[in-house]
Each structure stands twice: as C-alpha cells, then as structure tokens.
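Have a look at the structure below, then the notes.
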Amino acid sequence: MRDYHLSVSPWRLLLGVADASFVMALLVLASVAYFQGGLPREEWHRLQETAFLAAALLLISNHFLGLYNRVWEHASPETAGVVALSVTVSQLVAAVAGKFLFGALPILVWVTTLLGVLVFTGGVRFAWRLIRPRLQDAELLSDDAPKRALICGANSHGNLLMSQLRREMNGRYQILGFVDDDAAKQGAIVGHGRVLGTIAQIEQLIEALQVDEVIVAMPDAPREQIRRVFDGCRQAGIPVKVLPHPLEAIHDPRSRRVREVNVDDLLGRQLSSEQITLSENYLAGKCVMITGAGGSIGSQLSSQICRYRPRQVLLVGRGENRIHWIYLRLKQLHPDIDIVPVIANVTEDTSMGALLEVFHPEIVVHAAAHKHVYLMEYVPVEAARNNILATARLADLAEQHGVERFIFISSDKAACPVNVMGATKRMCELVLTSRPYAGTDFVCVRFGNVLGSEGSVLEIFKRQWQGNEPLTVTHPEATRYFMSIPEACFLVLQSGALGTHGSTFLLDMGDPMRILDLARTFVMLQGGVPDAPGAIEVTGLRPGEKLHERLRNPDEELLETSNEHISGVENRGVPVDWGEVSAYLERLDLCVAEEDDAGVCRILVEATSAELNSANWLNARVAAVPSGPEPESDGALLSLGVSLIKRLDAGATPAGQ
C-alpha cells in the first residue's frame, strides 16, 4: 500500500476560507436586503445555521471537483464550467437540506446568493490567471531591465507579435510602440501600442526613446524597405530582428519565431503571403517522387510538397544520412502522409525502374544533379552521366510507368552555357522539351543561385568568417542572380501547375547582384567592417565561371504567365528535332562508356552551342598522368584534347564523331 504525503498550500487554505466567508456573507446580505433591514430574530437563527451549511457544502463540492488543486494561472474555459457546477450543486443542496433541517429561506435570497457566489468564486480564480504573469514580469524586472523595443509594421503581424511578446517573453521586452510608413496610421493606437513615426524617422526615435532593439514584423514588405530599417538601426548601433516569412515555417515550424536578420532578408526576392498557394493543387492525393531529396533544394521541395496533402512521398537520394534526417523531420510534421525514404542512384536504370514499378508515382520532381560549376569542368564524363543520361533514362521510365507530370530543375547557366555544368543542364532541357508527347508532361524550370544552399557562396562566407579567414570573392565585378530556397522551391511547384508538355519557365530573380556587395553585406550583418584590411579578398574566376549570367539564349523570348514571378521561355529559332537529340544521346552514351571527356565536350558544344574551355579537363588529365613513359591511351587523349583546344580557340566547331 502506498503512502501519500499531502501538502496543503497556505494559498489554497486562504482560498477555502475566502469561499466559505463569502457564501455566508452573501446569504446574510441577501436576507437583510430581502427583509429591508428588519430581519426577524427567528429568521436570524435560521440564517446562521443555513449559512454554515451552505459554506460547508461549497467547500466539500470544490474539494471533490478539484478546485483547490488547480494551477489557476493556466485555467481553461472548461474550468469555468466546473466552477459553475460546484457552486450550483452545493447551493441547491444547501437550500433543500436547509428547508428540512432549519426551515426555508426565501427563494430570492438563494438566487441572489447563487449568482453572487458564482461571480466571486470564478472571478477570484480567473483573476489570478491575469495577475500572475504580471507578478512574474515584476520579479524579472527587478532583476533584469527589459529590452526597450520598437516594432516595424503596425499591421496584423505586428499586433500579434506584440501580444505574443507580452504573453511569452516574461517581461524581457518593453514594447514602446510601432513604426510604419502608412500616413493614415500615424499616431493611431494599434492593439496595445501607438504608431510613433515612419521608417525614415527610426534613427531619431531610437535616440529619443533609448531603444535597445527593433523587430521587423513585415514578412510581405519589399526587401528595400527592410534594408532601410537595417541601415537605420546599423547607423544607430542597435540590433534588428525579423518575423520570418510564412514560407520558412513550411520547412521548419520553429522559424515562426523572431530571429536575427540574415542575408535572405536583405537581398533575396520576396513573395507576399497571399502568393504562396498553388494555382492548381495537382499534388493532392498523388504519389510524388523527389530525386535528390536530401539536398538543400530537394529537402525544401519535399517539405513544401507535403503541405499540399499528397498520398505518398518518395524521398530518393544517394546520401543515406541526408535522406534519414529529412525523412525523420517530415514524418514528425506529417504523420498522416506515407513518406518513404529510398536510398538509390538515379544513374542506375534498374533501381529507378524498380522504384517506379513498385510505387507508380504520378508526379516526379527531378532535383538530383551535379551542380558545382568548377568541379564539373574537370569531369565532363561524370557530369554527362549524372546530369544528362540519368535524366534521359528517368524520362523514358516515367513515360513507361504512366507518370503524369515530370518537373526538371534546370539552371540559369543553361542559357548561353560556357561551362560543362550549364551545357549539361541545357542538354537536359532539349531532351525533355523536344520529345514527342506520350502521356507525360515534361516541364523545365530555370533559376539562379539560391541563398543558403550547401556549397553556395553564402555558406562559404559563413565558414570563412567562423574560421577568421578573409571572405573570398572571385572578381570585384562578378554578378549573380540570387533567390531564397523557400521562394525558389515554391515557384518551381507553381511552374508545375502552370506548365504543359514541353514548357520551360524562368523564375523572376530580380536584378543581378555583385558578389562583392553580398560579401560586404554579410560582413556588416556579422558586425564587422567590410573595408577593414583582410576582410574581403579577390581570388580570380574559377574554371567555368563567367562574370555575368544570362537568362535566355539568343533564339529565346520571355513570355508573361498568370504568375508575375514566373516567365515562359519560348524558342523563336529553328525547332529542336527529337531525332537529332536522340542521336546526341546515343553518342554521349558511347563517350561516357569509354570515359571520353573530349568526346563529351565535342557533343555538348555541337548540341548546345556551348563555349567550353577544354583546357580545364585537359589539365586534370595531365595532373593524373604518372611520371615516366606516357601511356599510349593517355597520349592519344591528350593529342585529341590539344586538337580540340586549338579548334575551339580558332572559333571552329569540332566535328562530330
């Protein structure tokens, strides 16, 4: 038999005494009022005995219903029903028992007492729910002064944020008011705060109000507006935090919390909250297969796809650890969706064929690819095997197994390619868009660099900064197009809704930005000085890189679509012939089988009009040749490479095999 130790809190004893005292006092006051102050002696004796009975029954009822064992700071609406039940039952029993034991009291006296006890017992308890947090705030304030904060954005987001900070931050913030550029809101009261000025006045407000921190609650605001807030706060020397965009919460629910400003907030493109719904939910109830699901793009695509309630999601990738983590995350967030982790290589036809045979996906999102420009310059064969041939064979399998829609992740480097990676992406576009329609809609989507993906320039900057190294920039005038990962992935899925067979889309990436400016912004966000000696270092362009990216080929035209952030890409030149593309694929297959880098480069130049520098892969082969007598095969390869370089430098197109 267990021994239970019951500890009685003084506060609970005090609450019981208050309940008993108040019910007795109310009975007396109600009786005096009923008899207009002239309470007969016999009524007085009856009232005393009945009052003690009513108080005792209320205490007993409250005890058995647990009203003295609750944490009233967290009382819920259901608790109010328990209070009403206890008071009503105890007083009805007291009225009936009192009638038989001591004599009846007037019904009006009991009604008045019942209503009064309900108000008192409920009011006292639920008042504590409001008072307790303020007492905690006061305790914290006595130990640690709160941060004096301004909220940028006198809107629904800002009002909700103010309420959240007051409720959850335990007095760590003292919200001084709002800042907003809307002239109609100046001086107005929003929720618990007043609009004190505009963003242009933020420096003066910071100084006048001794602000410690500014929080931006404008997830739909243009980047230029957020940049103005950031610049004003940087001049004043105070930190800035932001309320993230709703797209971030799709991948990580914790991202709904206020966080530090990052480069995405200042440089990336931005969708409004109203624009993050697919124009057609072609994913609902479907089996969706994502290749490269463990990568930065693939994992974000997987997260966003789950938002649209597919029947099943296949996470396909080679890296078991990456697939493991994205699987665990999605399974936790979406327990009602059948999420299947698949460790497989997209270059293996047998594996892909078996996968499509077993699961029969209706939608395929093909994100698996080699993407590092300078690395692919040294291994054209591997780039062709993984990027082109794997895509072509997966497309064949998709048609054979009845896939409805096949969405291919391309790159802005596919436009006027000057490197192997860009040429392989352009070749994939030709393979998918030129093939005859056989029941599967093939859609290609081009976009540029994404901020925050693994291996991106931003991640390189982070590692260099953490290692106290200078940030390396390839060229002071080099520019790139940048997008945030959540926005790019959503627009990819939106393109899938807009596209039909053979469509190619280009995502709106805004204006190109100098990588040097990105580095300077990153240093400022870390609290550094961009112009300090050793902060930024120029290293020179790497193999395959160019100063500026182009968005379309010379024979292409951009067309408007129903989505302002997505443009259609239409070929205005000679139509691409599927028979010719198929012939290129056959030749590529032979070159890959023979590990013929030169042959791969020739075909890519011929098929895509790419301007490749074969010295890159040639140098890699030279470095791999052992010292001593040169093997005949390598010598033949080098001779072929030298010949190709000369022909390319002379402006000639290498002859086909």
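Can you report the number of residues in segment 412-437 which are among the small types (Gly, Ala, Ser) and either surrounded by fewer than 24 Cβ atoms within 10 Å (Cβ to Cβ) or in a strand (DSSP E or B) (or both)?
Our first condition is that a residue be among the small types (Gly, Ala, Ser); within segment 412-437, this holds for 414-415, 422-423, 434.
After this cut, where a residue has to be either surrounded by fewer than 24 Cβ atoms within 10 Å (Cβ to Cβ) or in a strand (DSSP E or B) (or both) as well, the list is 415, 434.
Result for segment 412-437: 2.
Residue check: is ASN571 open to solvent by less than 40 Å² (accessible area, probe 1.4 Å), more than 16 Å from MET483 (Cα to Cα), among the polar types (S, T, N, Q) and over 32 Å from the mean Cα position of the chain (by Cα)?
Values: open to solvent by less than 40 Å² (accessible area, probe 1.4 Å): no; more than 16 Å from MET483 (Cα to Cα): yes; among the polar types (S, T, N, Q): yes; over 32 Å from the mean Cα position of the chain (by Cα): yes.
In short, no.
Table: residues versus (1) farther than 21 Å from GLY116 by Cα; (2) assigned to a loop (DSSP other than H, G, I, E, B); (3) at pLDDT below 80; (4) open to solvent by 70 Å² or more (accessible area, probe 1.4 Å).
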residue: ALA56; (1), (2), (3), (4): no, no, no, no
residue: LEU59; (1), (2), (3), (4): no, no, no, no
residue: ASN62; (1), (2), (3), (4): no, no, yes, no
residue: ALA104; (1), (2), (3), (4): no, yes, yes, no
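Output the residue which, of all residues in segment 187-206 that are assigned to a helix (DSSP H, G or I) and in contact with a helix residue (DSSP H, G or I) (Cβ under 7 Å, 6 or more places away or on another chain), is surrounded by the fewest Cβ atoms within 10 Å (Cβ to Cβ). Break it down stepwise before answering.
Of segment 187-206, the ones assigned to a helix (DSSP H, G or I) are 199-206.
Now drop any that are not in contact with a helix residue (DSSP H, G or I) (Cβ under 7 Å, 6 or more places away or on another chain), which leaves 199, 202-203, 206.
Numbers: ILE199: 22, ILE202: 24, GLU203: 17, ILE206: 22.
By that ranking, first place goes to GLU203.
Restricting segment 231-254 to residues that are open to solvent by less than 20 Å² (accessible area, probe 1.4 Å), hydrophobic (A, V, I, L, M, F, W, C) and in a helix (DSSP H, G or I), which is modelled with the lowest pLDDT?
Only one residue tops the list, namely ALA249.
For segment 453-463, what are the residues that are in a loop (DSSP other than H, G, I, E, B) and open to solvent by 30 Å² or more (accessible area, probe 1.4 Å)?
First, the residues of segment 453-463 that are in a loop (DSSP other than H, G, I, E, B): 453-456.
Passing the criteria: GLU454, GLY455.
Quick check: anything in segment 380-396 surrounded by fewer than 23 Cβ atoms within 10 Å (Cβ to Cβ), without any contact (Cβ under 8 Å) to a residue 60 or more places away in the chain and either in contact with a Pro (Cβ under 6 Å, 6 or more places away or on another chain) or among the basic types (Lys, Arg) (or both)?
yes
Just need a number here: residues in segment 280-309 that are farther than 12 Å from LEU493 by Cα, surrounded by fewer than 24 Cβ atoms within 10 Å (Cβ to Cβ) and over 16 Å from the mean Cα position of the chain (by Cα).
Residues that pass the stated criteria total 5.
Residue check, THR121 against (1) at pLDDT 80 or above; (2) open to solvent by less than 50 Å² (accessible area, probe 1.4 Å), all met but one. Which one?
So the condition that THR121 fails would be (1).
Check segment 480-488 and report whether any residue there is crowded, with 24+ Cβ neighbours inside 10 Å, under 16 Å from ARG405 (Cα atoms) and modelled with pLDDT of 85 or more.
No, segment 480-488 contains no residue that is crowded, with 24+ Cβ neighbours inside 10 Å, under 16 Å from ARG405 (Cα atoms) and modelled with pLDDT of 85 or more.
Looking only at segment 537-568, filter to residues that are open to solvent by 40 Å² or more (accessible area, probe 1.4 Å) and aliphatic (A, V, I, L, M); which one of those is nearest to the chain's Cα centre (by Cα)?
Filtering segment 537-568 for residues that are open to solvent by 40 Å² or more (accessible area, probe 1.4 Å) and aliphatic (A, V, I, L, M), the one nearest to the chain's Cα centre (by Cα) comes out as LEU551.
The values are calculated or read from the model by the stated rules, or taken from the named source; none is laboratory data. Every value quoted in this text rests on a predicted model; they were computed, and no experiment measured them. A quick note on method: Cβ atoms are made from the backbone with ideal geometry, for glycine too, and the neighbour counts reach across all protein chains shown. Accessible surface is based on the protein model in full, side chains and every heavy atom, while ligands, DNA and RNA are left aside. Shrake-Rupley method; radii C 1.70, N 1.55, O 1.52, S 1.80 Å.
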